[in-house]
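First up is the structure itself, then whatever we jot down about it.
The values are calculated or read from the model by the stated rules, or taken from the named source; none is laboratory data. What you are looking at is a predicted structure, and each value in this text was computed from that prediction instead of being measured. With ideal geometry, Cβ positions are generated from the backbone for all residues, glycine too; neighbour counts draw on all protein chains shown.
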Amino acid sequence: MYRIIFKRLLDVLVAGLLFLTILPFVIIYVLFRNKPFFVQKRIGLNGTEFNMYKFRSMSDKRDQSGFLLPDKDRITKFGGFIRATSIDELPQLINVLKGDMSLVGPRPMLPYYMGLYNEFQKRRNEVKPGITGLSQIKGRNLLPWLKRFEYDVFYVENLSFTLDLTILLRTFVLLFRREKKEEGINSPSVEFEGNK
């Protein structure tokens, strides 16, 4: 019952309230930045693609040949701040309100990862992806990819209001502690390359 009806109701209620709270900041950000949103295709429920929104944290700086500079050379000072505090993820509240995502669930992955999953790992797509999830509160970038997928499937198999509430509360605690996102083996620069 929770999985089918009340989870979506909770998503809309909480995401709506949070979005109204941050709306003035969103408006200011949009007004004073040229291209405030970064939009990227991600994989959602049952492998369907959707456009995921984030605040832009990198410039479009290119080298003399016209190629984009490495990520670390394009992150702005403000971009570094919004990444460190996870503010860059707030536009995903729009994805939650649209029904593409949930507040809690496995983090949405890029489409090309679909071909790298084994049957067990594909189960992570049996629920909507989330803004936060079990692997985010269990170690985030420090987790090996395979451990992250284990947590994702554990979440799918044990989804409940109690588990969602626990993950949300733990997420808020971590945010208010402003724990640094550590560069680990699951950092953006170390991609999942399949099961070896």
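Going through ARG62, ARG3, ARG74, ARG42 one at a time, which residue ends up being surrounded by 11 or more Cβ atoms within 10 Å (Cβ to Cβ) and under 18 Å from the mean Cα position of the chain (by Cα)?
When all the criteria are applied, what remains is ARG42.
Just to verify a result, which residue in segment 126-159, among those that are polar (S, T, N, Q) and surrounded by fewer than 22 Cβ atoms within 10 Å (Cβ to Cβ), is modelled with the highest pLDDT? Lay out the reasoning, then the answer.
First, the residues of segment 126-159 that are polar (S, T, N, Q): 132, 135-136, 141, 158.
Checking the rest, the ones that are also surrounded by fewer than 22 Cβ atoms within 10 Å (Cβ to Cβ) come to 141, 158.
Values: ASN141: 76, ASN158: 97.
Here the residue is ASN158.
Kindly provide the set of residues from segment 45-71 that are within 23 Å of SER86 (Cα to Cα) and either touching a Cys at 6+ places or on another chain (Cβ under 7 Å) or among the small types (Gly, Ala, Ser) (or both), ordered by number.
SER57, SER59, listed by residue number.
Could you please find all residues in segment 77-86 being buried (at least 17 other Cβ atoms within 10 Å of the Cβ) and basic (Lys, Arg)?
If the condition is that a residue be buried (at least 17 other Cβ atoms within 10 Å of the Cβ) and basic (Lys, Arg), then ARG83 is the only one that fits.
Name the residues in segment 18-37 that are at pLDDT 85 or above and closer than 14 Å to ASN95 by Cα, would you? It would help to see each step written out before you state the result.
So in segment 18-37, the residues at pLDDT 85 or above come out as 18-20.
Those that are at pLDDT 85 or above and closer than 14 Å to ASN95 by Cα: LEU18, PHE19.
If GLU89 satisfies every condition in (1) acidic (Asp, Glu); (2) surrounded by fewer than 19 Cβ atoms within 10 Å (Cβ to Cβ); (3) farther than 20 Å from THR171 by Cα but one, which is the exception?
(3)
Please count how many residues of segment 125-151 are closer than 17 Å to LYS7 by Cα and either without any contact (Cβ under 8 Å) to a residue 12 or more places away in the chain or part of a helix (DSSP H, G or I) (or both). Please lay out each step first, then the result.
First, the residues of segment 125-151 that are closer than 17 Å to LYS7 by Cα: 125-134.
Still in the running and either without any contact (Cβ under 8 Å) to a residue 12 or more places away in the chain or part of a helix (DSSP H, G or I) (or both): 125-126, 134.
Residues in segment 125-151 being closer than 17 Å to LYS7 by Cα and either without any contact (Cβ under 8 Å) to a residue 12 or more places away in the chain or part of a helix (DSSP H, G or I) (or both): 3 in total.
Which of the residues that make up segment 45-58 are surrounded by 15 or more Cβ atoms within 10 Å (Cβ to Cβ) and either modelled with pLDDT of 85 or more or of a type in the set (Phe, Trp, Tyr) (or both)?
Applying the first criterion (surrounded by 15 or more Cβ atoms within 10 Å (Cβ to Cβ)) to segment 45-58 yields 45, 50, 52-58.
Answer for segment 45-58, where residues must be surrounded by 15 or more Cβ atoms within 10 Å (Cβ to Cβ) and either modelled with pLDDT of 85 or more or of a type in the set (Phe, Trp, Tyr) (or both): LEU45, PHE50, MET52, TYR53, LYS54, PHE55.
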